[in-house]
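Worksheet: the structure to be examined is printed underneath.
The values are calculated or read from the model by the stated rules, or taken from the named source; none is laboratory data. The structure presented is a predicted model; accordingly, all values stated were derived computationally and were not measured. A quick note on method: Cβ atoms are made from the backbone with ideal geometry, for glycine too, and the neighbour counts reach across all protein chains shown. When the accessible area is computed, the model is the full protein with side chains, heavy atoms only, and any ligands, DNA or RNA have been set aside. Shrake-Rupley method; radii C 1.70, N 1.55, O 1.52, S 1.80 Å.
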Amino acid sequence: MADPRPVRRGRAPTDPPASFVWTRRIVLALLAAFTLLPVYAMASSSLKPLEDVQRRFRWLPSQPTVRPYIDMWSTVPLARYFANSVIVAGGATLASVAIAIGAAYAVSRYRFAGRRAFTVTVLSTQMFPGILFLLPLFLIFVNAGNATGVALYGSRGALILTYLTFSLPFSIWILAGYFESIPRELDEAARVDGCGPVGALLRVIVPASLPGIVAVTVYAFMTAWGEVLFASVMTNDQTRTLAIGLQGYSTQHEVYWNQVMAASLVVSVPVVAGFLLLQRFLVAGLTAGSVK
């Protein structure tokens, strides 16, 4: 027989108090405003004449214009800088992911002498600041170029190799942890079907580790795309990347702030769009790898 007493409907015992909910909303709103206001300032400044940007800041452009988006391509060779950044970041990313997959597979599936020391050494390289390697790498590239006759300093290849040394250790560590979470029975099943170690890696492990591979791909690309320190020393006028090329809008007499904002917005859109599309893979890959 059903209980005739009315059922009280109220807040569940596990729900947070109302004060906590409102505090959380206020904090999130403040953080969102803190993050989005600079983006709005950049977008609005890119639609203003140079005179309006140099004067007192206005929230809305008094005379909106798209002229900065047209002039930014001729003031500096932005297209060449963009191509250099794509080549350098893409090359460093492909090399880092390819090497990290093989190294992480060896670390996670095989027991060899010095395995633990290798893992600790790879991870410990992340504790050193990059500026410590600036002068040694510069001397290595200059001396190697003088000895071999191959111009390494100022080339895209040298910059790709430089970025590879920074993204590769973290990529190996993340992928090794991700490969450890994949059952070894899958490797054995692949070998029963006639696959060797390389076949098992390419046919079984890599497809099962797609989130982890996407995570290290995004990390390696972002590391190379926005780097400034090494790009300012290791490049010349022909191999200059976007991070350094944007400085060309600053001349001896004035700074074209509206073109700087327009160029920054244009070069940021592809990276942000790619990050948003791959965000779920990135979170899943980093979580699985870091936990292991």
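Filtered by the rule that a residue be under 24 Å from the mean Cα position of the chain (by Cα), open to solvent by less than 80 Å² (accessible area, probe 1.4 Å) and free of Cβ contacts under 8 Å to residues at least 24 places away in the same chain, segment 122-156 gives Ser124, Pro129.
If you go through segment 209-265 and pick out every residue that is of a type in the set (Lys, Arg) and in a helix (DSSP H, G or I), you end up with 0. Per the conditions (1) surrounded by fewer than 12 Cβ atoms within 10 Å (Cβ to Cβ); (2) more than 26 Å from Ala215 (Cβ to Cβ), the sole criterion not satisfied by Asp71 is (1). Scanning for something among the hydroxyl-bearing types (Ser, Thr, Tyr), closer than 23 Å to Phe230 by Cα and either open to solvent by 20 Å² or more (accessible area, probe 1.4 Å) or in the same structural domain as Gln238 (by the TED database) (or both), does segment 101-115 turn up at least one residue? There is no residue in segment 101-115 that is among the hydroxyl-bearing types (Ser, Thr, Tyr), closer than 23 Å to Phe230 by Cα and either open to solvent by 20 Å² or more (accessible area, probe 1.4 Å) or in the same structural domain as Gln238 (by the TED database) (or both). In segment 242-259, the residue that is least open to solvent (accessible area, probe 1.4 Å) out of those that are of a type in the set (Val, Ile, Thr) and under 26 Å from Arg56 (Cβ atoms) is Val255. Here the condition is being without any contact (Cβ under 8 Å) to a residue 40 or more places away in the chain, open to solvent by 10 Å² or more (accessible area, probe 1.4 Å) and not acidic (Asp, Glu); of Val198, Val233, Val206, Val214, it holds for Val198 alone. Here the condition is being open to solvent by 60 Å² or more (accessible area, probe 1.4 Å) and in the same structural domain as Ile213 (by the TED database); of Ala83, Ala92, Ala98, it holds for Ala98 alone.
Among the conditions (1) under 30 Å from Phe170 (Cα atoms); (2) modelled with pLDDT of 90 or more, the only one that Leu30 does not satisfy is (1).
Residues checked against (1) surrounded by fewer than 21 Cβ atoms within 10 Å (Cβ to Cβ); (2) not assigned by the TED database to the domain that holds Gly226; (3) not small (Gly, Ala, Ser):
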| position | (1), (2), (3) |
| --- | --- |
| Ser171 | no, no, no |
| Ile174 | no, no, yes |
| Ser181 | yes, no, no |
| Arg191 | yes, no, yes |
